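Inspection log for the structure reproduced underneath, given as structure tokens.
The values are calculated or read from the model by the stated rules, or taken from the named source; none is laboratory data. Predicted model, so just to flag it, every value in this text is computed and none were measured. When we count neighbours, we look across all protein chains shown, and the Cβ atoms used for this are built from the backbone with ideal geometry, even at glycine. Please note that ligands, DNA and RNA were not included when accessible areas were found on the heavy atoms of the full protein model with its side chains. Shrake-Rupley method; radii C 1.70, N 1.55, O 1.52, S 1.80 Å.
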Amino acid sequence: MSLDLSDRATRMRVNKRFREKGVPAKVCGKCFVVKGYEAFSAWSRGADGRMPHCRPCSSDRGRAWRAANREKTVAYDRQRYTAEPERRREYARRWTAANPDRKAQSNRQWHAENRERISERKRTYYTANRDRIIEASRRWAAENADKVRDKTHRRRAAIAEATTEPFTARDLRRDWEDHDLYDCFFCGGTLTDGYEVEHFYALSKGGPHALFNLVPSCAPCNHGAGGKGTKEPWGYLREALAEQGTDLDACVELLVRREG
């Protein structure tokens with residue numbers, strides 16, 4: 001004979017027998033299914049310390065109530081949002097840490113659906129904080145000279161449609177240290193007053209934006225070639241280096257070793 005668990009008195013008798021036998025289970029008062037205690041939220045007022053409805057049923061009931069009482073729900077959420085900011089932020093941090101993929105997907109979806117809103121917000125913020133943003137950008141550029149150089153080189157390489165190989169500013173410094181490139185590559189002068197990163201084989205002449213093609217240069221050597229864009233590849237380099245007593249073939253040999 002089967003029990004009618006939809007009857008409240010029958011459910012109470014069954015749950016009481018479970019407690020007396022030490023069985024960690026009870027009948028849900030909503031779906032009338034026997035489930036383990038882990039399916040029920042804790043409730044200090046319950047005889048077994050658990051809620052009368054299982055978590056899925058409680059969630060369905062809560063959603064139905066919120067849908068039927070939208071104004072009360074909005075007012076309550078707004079009150080908690082204002083009154084408990086730290087609790088809300090802590091919950092958001094825990095949820096994000098536990099659900100990184102869902103958070104990333106949610107962010108992508110929101111940005112895709114709100115492109116105009118985001119653009120307008122950025123324009124409004126920039127207009128209101130223009131001087132502050134410019135000053136912060138200048139300060140960051142002064143503190144991150146290597147990153148600025150790398151960004152500039154990659155932009156120039158993209159404009160010239162040059163071959164580009166992935167590397168970082170740290171990779172470049174390590175490569176220079178491995179090949180003892182501590183002075184100007186062209187004149188051998190010291191770089192105590194600062195240095196510039198030069199493409200030995202110019203991007204405009206088909207040179208790649210690659211680790212082996214970048215060398216340290218002083219400002220006069222980098223900007224003093226004059227008219228090099230009108231000469232054949234390597235021609236202007238041989239002339240410019242010869243004026244400074246540097247052999248082009250020796251430079252090319254070093255580049256080949258670095259590339260290998």
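How about the stretch 32-47: which of its residues are of a type in the set (Gly, Ala, Ser) and either touching a residue at least 40 places away in the same chain (Cβ under 8 Å) or open to solvent by less than 50 Å² (accessible area, probe 1.4 Å) (or both)?
GLY36, ALA39, SER41, GLY46
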Scan the stretch 50-96 for residues that are among the hydroxyl-bearing types (Ser, Thr, Tyr), under 30 Å from the mean Cα position of the chain (by Cα) and open to solvent by less than 80 Å² (accessible area, probe 1.4 Å) and jot them down.
THR96
For the stretch 1-31, which positions are open to solvent by less than 80 Å² (accessible area, probe 1.4 Å), in a loop (DSSP other than H, G, I, E, B) and hydrophobic (A, V, I, L, M, F, W, C)?
LEU5, VAL23, CYS28, CYS31
Tell me whether the stretch 101-115 contains one or more residues that are open to solvent by 100 Å² or more (accessible area, probe 1.4 Å) and hydroxyl-bearing (Ser, Thr, Tyr).
no
From TRP176, TRP140, which residue is open to solvent by 60 Å² or more (accessible area, probe 1.4 Å) and hydrophobic (A, V, I, L, M, F, W, C)?
TRP140
Checked pairs for the stretch 157-184, first touching a residue at least 12 places away in the same chain (Cβ under 8 Å), second of a type in the set (S, T, N, Q), C-beta under 7 Å and 6 or more apart or across chains, list as ALA157/THR164; ALA160/SER204; ASP183/THR190; CYS184/SER217
Return the residues of the stretch 101-160 that are closer than 30 Å to LEU211 by Cβ and of a type in the set (A, V, I, L, M, F, W, C); say none if nothing qualifies.
TRP140, ALA141, ALA142, ALA145, VAL148, ALA157, ALA158, ILE159, ALA160
Residues to consider are ALA136, ALA142; find the one that is of a type in the set (A, V, I, L, M, F, W, C) and at pLDDT below 90.
ALA142
Would you confirm, using the coordinates I've provided, whether ARG130 is under 23 Å from the mean Cα position of the chain (by Cα), more than 21 Å from ARG258 (Cβ to Cβ) and open to solvent by 100 Å² or more (accessible area, probe 1.4 Å)?
no
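This table checks each residue for (1) more than 28 Å from the chain's Cα centre (by Cα); (2) crowded, with 19+ Cβ neighbours inside 10 Å; (3) modelled with pLDDT under 85.
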residue	(1), (2), (3)
ALA158	no, no, yes
PHE167	no, no, yes
CYS187	yes, no, yes
HIS209	no, yes, no
LEU241	yes, yes, yes
